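In what follows, a single structure is set out as structure tokens and then discussed.
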Amino acid sequence: MNALLRPFRILSWPIWAKLLAGFALAVVVPALVVGVIVQGAFHDLNRRYIENYVVESGRHQAHVINETLTHASAALLDFAANPGFTRQINLTNPRPESTAALLQVTLLRSSLYVKARVLDAEGRVLVQTGPDALIATAPNETDALTFSRARQALEQGRAATITILPNGALEIAQAITDVRDMPGYLVVTLDSARVISAHLPLGGNVYNAYTYLVTSGDVLVIFSLPETRAAAEQSSASAAVARALTGGSGVIEYRVGVERETPVIGFYAPILDPTLPGSVLMALVTEVNAGALMSQALGYFNGARVFVMIVGPAALLALLALLFHQMFGPPIQQVRRAIQAMTRGDFQAPVTVADRGDEIGGLAAAFLDLRAQVRGLLDDLEARLAARSRDVSATQAVSRFAATQRDLQTLMDEVVNLIVQHFPQIYHAQIFLVDNDRQYALLRASTGEVGQMLLRRGHRLAVGSVSVIGQVTQLGQVVVARDTTVSPVHKRNEFLPDTRAELAIPLRIGDRVIGALDVQSKQPAAFHPDEIAVLETLADQIAIALENARLYQESTRRLAEIERINREATRATWQEYIYSQRQRALASAAGVPTGSDLSELRRRAIAEARVVVGEVTSHGTVPIAVPIRISGQPLGAVEWELPAEMVDENQLLLAQELANRLAISLDNARLFEESQRAAERERIVNAIASKLTSQTEVAFILETAVREIGQALRAPQVQIRLNHSNGDANTADH
């Protein structure tokens, strides 16, 4: 039954059949259709002609005015740079008559300028001339708009400005310097009638179009023909003016008037400031009253309007419109609303026309499939973005900690804890380091109670063993066991029975593998390629941090060892020096003895390596002991007894500084004495050697040697014995 009724259901027809039926019905009212089509075509054609006219006219006017302003600015610049003008002008001692004559003869000869004047740096008019007479007065234009803008522009590095005054005058100011390099300005007033007004009339104006210009900035000036002044003032705040003032150019339709009741078609273009490239000076708009043109177009169809008023064709037209609207309008509107809702994030807007059998139904069904796919993609993208944001946050947290931690064990313990905290799919993390023999990977950090238990047991895995850690430390590559139940490289740990996926990443310093970062998850296939890439980056940062911490600890240890060796060497050197002086200690005193026993104070200062202050004595003095330290090794102490009222922080600092200087002087003196003794030894050895080398017989050499050595060492007896292989000996005594 449905198959028999299907051809009679209009909604099931294909679109071409519906259009064919509609066109067949439209043949009944050919006159109406022709009239409407012709009227619409005439209106559209007329509109296109209007737009073409205003565009061509407006572009020509904008081009001419821009070219004229550019020429005026360039001509003024050329004149100001002319050596003849530069030699003539003198801003300190002006010559008004000759300068004005020069301006009149050369500059004002151009039809673009009507007046010129020369200002000094303070705005005083030194010379001015116009079409009537040469004037040599000196009024002050300090507060004038043109001078203010010219001085501001010069401060910004621009030599020229163009200013539109409230009275509609255009003035160009050019910075100049006279023969003495004194600054000033050459200001000319443009002939607005020739520069602007002469270009406002439109040729072949059959559409009653008109052109006007509106300035930018705080001063609003409108240039227009007198007969179109009122229309220009109504449109001065239109969208066309606003777009032109931003540098745009084009044609648009908009409404003007008090209540925006008048539709107009307007072409807009910017008039550029020739002194400031890219800056808009004025907006040029060419407009036509679109409402009047529509009425004019309808006037050609007075007879057609009578036909349109016939009741029958009007009713038939309404019926056709309703039919087409019901067939195509509501379903298309429904799909459109669903699309708009999807752009706002609503994926639940109803689409009930998907079961239609025609193309619109197919389009709706395709849209539903697309919407479902987009929703899935968005959900997946949001999940991935959330995961990446979490991974980046985790990496930053671990990196910040690793960059500031210097203790190796603390660094590893905190890093594995941070990994477990920030990566929800990881429930256990640990760090292995390869031993010096590269035989085993030793567990150095692990999370949780299980990790502490493994650390206490000294958990280790052989490098190259059948385990994730063994393989990664041998190969230096990432090893993943996506499912531990079937993975051949996973070695089951009885303390971690919940592990279903394991990932190990090598910790590398250059080409050397120093260990591995091992993370484990309770879900199989938990580690996706993006997460592995993030963890690889994290492992590289951990390896660098571990190496930095190791190097820091090693450098700290070596520095402490060097300091210890220096202290011991300093102590041994001074002990040897004091012994060489045949004394148990070196001491010196000055001042009045008080009889105070400062031995305990001295002992504390030497033992604690700091300034020690004693109690006030019966003499009203305060004993002070300051250690004498060389290379960090205390060698003795300086003791003072100062009046109690003089002891303060400054005195203690002074005492410490004096002790430090004393230590440096003592060490320098010791070094000097040692160098002197070394030089004396070298001299004696050289002298004896020179006497020995002058002898050629062994007996004389031996006698000379024992004599000179005895004298050098001040020994009462010196004996040299040479043994032969048979046991006999030759001796020399002294």
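Details
- Peptides 675-687, 103-115 ranked from most to least packed by the mean count of surrounding Cβ atoms within 10 Å: 103-115, 675-687.
- Taking label points 7 Å from Cα along the Cα-to-Cβ direction, residue 393 and residue 455 give a separation of 2.7 nm.
- Annotation note: trypsin sites (Lys or Arg not before Pro) in the range 146-239 located in DSSP loop regions with a Cβ neighbour count of at most 10 within 10 Å are 180.
- Taking 12 Å as the straight-line reach from the Cα of residue 522, the aspartates and glutamates in range (excluding those fewer than 8 positions away in the same chain) are 483, 498, 502.
- Three-way shape label, the range 590-653, alpha-carbon gyration tensor, a/c 1.5: prolate
- Net charge of neighbours whose Cβ lies under 9 Å from the Cβ of residue 432, counting Lys and Arg as +1 and Asp and Glu as -1: +1
- In order along the range 671-684, the Karplus-derived 3J(HN,Hα) couplings, from 6.51 cos²θ - 1.76 cosθ + 1.60 at θ = phi - 60°, round to 4, 5, 4, 4, 5, 5, 5, 4, 5, 5, 4, 4, 5, 5 Hz, and Gly and Pro are given as x.
- For trypsin sites (Lys or Arg not before Pro), the sites in the range 423-482 that DSSP calls loop and that have at most 14 other Cβ atoms within 10 Å are 438, 457.
- Cut-off 12 Å between beta-carbons: net charge of the residues surrounding residue 506, Lys and Arg +1, Asp and Glu -1: -2
- Anchor residue 691: aspartates and glutamates whose Cα lies under 18 Å away (excluding residues fewer than 8 positions away in-chain): 680, 682, 703, 708, 733
- Estimated FRET transfer efficiency when R0 is 41 angstrom, pair residue 661-residue 544 (beta carbons, to 0.05): 0.40
- FRET efficiency, 1/(1 + (r/R0)^6) with R0 51 Å, evaluated for residue 565 and residue 723 via beta carbons: 0.75
- Counted charge near residue 390, where neighbours are those whose Cβ lies closer than 15 Å (Asp, Glu -1; Lys, Arg +1): -2
- Potential extension, residue 97-residue 554 segment - 0.36 nm per residue separation minus Cα distance: 155.6 nm
- Anisotropy class of the range 134-199 from Cα gyration tensor, a/c 1.5 cut: prolate
- Global geometry of the range 405-554, whether rounded, prolate or oblate, following the gyration tensor of its Cα atoms and the 1.5 cut on a/c: rounded
- Relative packing of 377-385, 208-216, 336-344, which averages over residues the other C-beta atoms within 10 Å, highest first: 208-216, 336-344, 377-385
- For the range 181-259 and the range 464-510, distance of Cα centres in Å: 79 Å
- Convex hull volume of the Cα atoms of the range 54-199, normalised per residue: 114 Å³.
Computed from the coordinates by the stated procedures, all read-outs in this text should not be read as laboratory data. Please read these numbers as outputs of a predicted model, since none were measured by experiment. Backbone-built Cβ (ideal geometry, glycine too); neighbour counts: all protein chains shown.
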